[in-house]
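To start, the structure under review is shown below, and the notes come after it.
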Amino acid sequence: MSLGGQQLLEYLEKLPGTAFRRLYQSPATALAIFRRMLSYHEGGGKIHCDRTIAALRSLHILQVSPPSKDRTQEIQITASFKKGLQLAFEGGGEDGSFGVPSSLPVDPSIDIAYLDKYARKKWDDILHYVVNSLGVHGSSEGVSGPKASVKELLLAGRLVERRPDTRTGIGITQAGFTFLLQESNAQVWTLLLLWLEAADHTADSGMDSIDMLSFLFMLSSLELGTAYDTSALTETRRNMLPSLVDFGLIYFPRDTRQFFPTRLATTLTSTASALRTVSSAFTAATANPSGEPGTTTSTSGGPAATPDKTQTAAKGIIIETNYRIYAYTTSPLQIAVLALFCQLNMRFPNMVSGRLTRDSIRQAIGFGITADQIISYLHAHAHQQMVREATVTGKPVLPPTVVDQIRLWQLENERMQTTAGFLFKDFESTEEYAALSRYAEEIGVLVWKNDKRQLFFASKHEQLRDYLKSRKKGE
C-alpha cells in the first residue's frame, strides 16, 4: 500500500464504529475504501493474511466471531459495508451520490491541461512555503504562497514552525522534510487529514469531519475535466469548497454554480500519482534543463516521452569525496530543498553547485531533518553516471566517506532516538501476555518486548484493544 493509503488507513482505524456506519451509507465512500484496500492485498503468507484481516476488521468491513472451543471462527462482511458497496456496483443510492454533472454551458478553456496547471500551481505554492523558499534569492519567481488558512494548517501540523532566525520567520521541520519527499497523493492526504483533525478540534467550524471525509471520497469518484453542479451539494459541503480550492483539489470559476475536480482530487483513492512530486520534478527538470524540444509533458505534469541521450547525459546530483555537490536542475523548488542541507555557491543555467559542510548539515539537523533523510534524498537523486559506476564496480552509489561524515555530524548533537507508542503491562496471565504480544508482532505494530518482565511496547493500540476484547469474550 502506498504511503497515502497507509496514512488514510491509520486515520480510519481510530474512528468509532458509528462513524463507519455513517460513512458506508454513501456508496461512493464504500467504493473508495474498497478501491484503497485492493492495494493492501499485495503479498502472501500467514502474517500478511493476519495483518489484512486485522486491517479490514478495524475498518468495520469484516467481523470475526470470537474464538471458542465449541465452534470455529467465522468471518463475515458487515451489513453496512455490504449494502454500501452493493449500491455502488448497482448504481443505486441517493441522487448525487457520485456528483451531479452541471447542465450549464462550460468554458471551453477549462480543459484537463488547464486544471492540471492550476492544481500544480496551487500545490507548488504550498511546497514552496514548506521549504521556506518564498522570497529567497529570487527562487520563488511566480510563487504567491498559499492562503493564510493553509499556512495555519501547516503550522498546526508541525510541517513548519515559527523561527525568528529565518528570513521569512518560518522554518521546515523533520515532518515537513518527510512531507516534501512523499509522492503527491501522500502529500495531499497528509494535508487533508490535518484539515479533518482541525475540524474535530474547532467547535465553531460548522463542519463535521465524517461528512468532510465522505465528501472527499465522493470527489475521488468524479471524472476529471467534467463540471459538476454546486446546487446539488448540501450547504455544509458547499462551505467546504473554499478550503478545497486553497488546496488545489477544486477549481471554482467565479460567478458560476459549477466546480471542477482536479487530478489531486480524482486520484485520492487510486494508486496513480496525482501530479509530479518534488522527487519526480527533479527528474523532469533535469531531463530537459534548457526547455529544448525532445521531451513532452503529459497532462498530469510528468514526463510523457523519453528524452534523447544528450538530454539524459546530465541528470541528477553528483557528489564528490571532497563533499562538493553538482546538481543539474532548473527547478526553484529543488534548489530550495538542496539549500536546506547544502551550502550553495554558484548557479548556472542548468546547474547549481555547492558543498556539504558541518554547518549546513547542523543547520538541517536544527530544522529536524535527519542524516538518514539527507542520505536517502541524495541516493534517490544521484546522477546516472554515479549509479552506472556503482553497478559496474559493485561499490555504493554515494561515497562512503561522505555518508559516514553526514551521520557523524548528526551524532555531535543527537544521542537518542524516540518512538511514540504505548506500553502494555500488568497482564492477567502469562498466556494473555504471550497471545497479545504475538498478535502485535503479527500485525506489525510491536516495537520492543521483554518476556521476562512481561512488557511490550507497540506503535498503535486500536487493533490490540479489539483483539483483547474479542479474546475475553471467547473465554
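Apply the Karplus curve 6.51 cos²θ - 1.76 cosθ + 1.60, θ = phi - 60°, to the phi angles in the stretch 434-443 and return the couplings in whole Hz, x for Gly and Pro.
Ordered by residue, 3J(HN,Hα) equals 4, 5, 6, 5, 5, 5, 4, 5, 5, 8 Hz.
To the nearest 0.05, how large is the calculated FRET efficiency for GLU223 and GLN343 if R₀ is 35 Å and r is the Cβ-Cβ distance?
Efficiency, rounded to the nearest 0.05: 0.15.
Decide, for the stretch 179-230, between rounded, prolate and oblate: order the square roots of the alpha carbon gyration tensor eigenvalues as a ≥ b ≥ c, take rounded if a/c falls under 1.5, and otherwise choose prolate if a/b is larger than b/c, else oblate.
oblate
Compare ASP451, ASP466, ASP359 by solvent-accessible area with a 1.4 Å probe and give them largest first, with all protein chains kept in place.
ASP359, ASP451, ASP466
Given R₀ = 30 Å, what would the calculated FRET efficiency be for GLU10 paired with GLU428, taking r from the Cβ atoms and rounding to 0.05?
For GLU10 and GLU428, the calculated efficiency is 0.55.
Which of rounded, prolate, oblate describes the stretch 420-471, given a ≥ b ≥ c as roots of the alpha-carbon gyration tensor eigenvalues and a/c under 1.5 marking rounded, otherwise prolate only if a/b is larger than b/c?
Because a/c hits 1.5 or more and a/b fails to exceed b/c, the stretch 420-471 counts as oblate.
I'd like the accessible area for VAL352, computed on protein heavy atoms only with a 1.4 Å probe and all protein chains in place. Round to 10 Å², please.
My reading of the accessible area for VAL352 is about 0 Å².
Using only Cα atoms, what Kirkwood radius does the stretch 314-412 have, in angstroms?
Answer for the stretch 314-412: a Kirkwood hydrodynamic radius of 13.6 Å.
What length, rounded to one decimal in nm, is gained on full extension from ASP255 through to VAL100, with 0.36 nm per residue of separation minus their alpha-carbon distance?
Residue separation times 0.36 nm, minus the Cα-Cα distance, leaves 53.9 nm.
Relative to the present Cα-Cα distance, how much length would full extension add between ASP70 and GLU235 at 0.36 nm per residue of separation?
Stretched fully, the ASP70-GLU235 segment lengthens by 54.1 nm.
Whole angstrom only: what separates the Cα centroid of the stretch 311-369 from the Cα centroid of the stretch 404-453?
Between the Cα centres of the stretch 311-369 and the stretch 404-453 lies a distance of 36 Å.
The values are calculated or read from the model by the stated rules, or taken from the named source; none is laboratory data. Since we're looking at a predicted model, the values are computed, not measured. Reconstructed Cβ throughout: ideal geometry from the backbone, glycine too, with neighbour counts over all protein chains shown. Note: accessible area is taken over every heavy atom of the protein model, side chains too, but ligands, DNA and RNA are not part of it. Shrake-Rupley method; radii C 1.70, N 1.55, O 1.52, S 1.80 Å.
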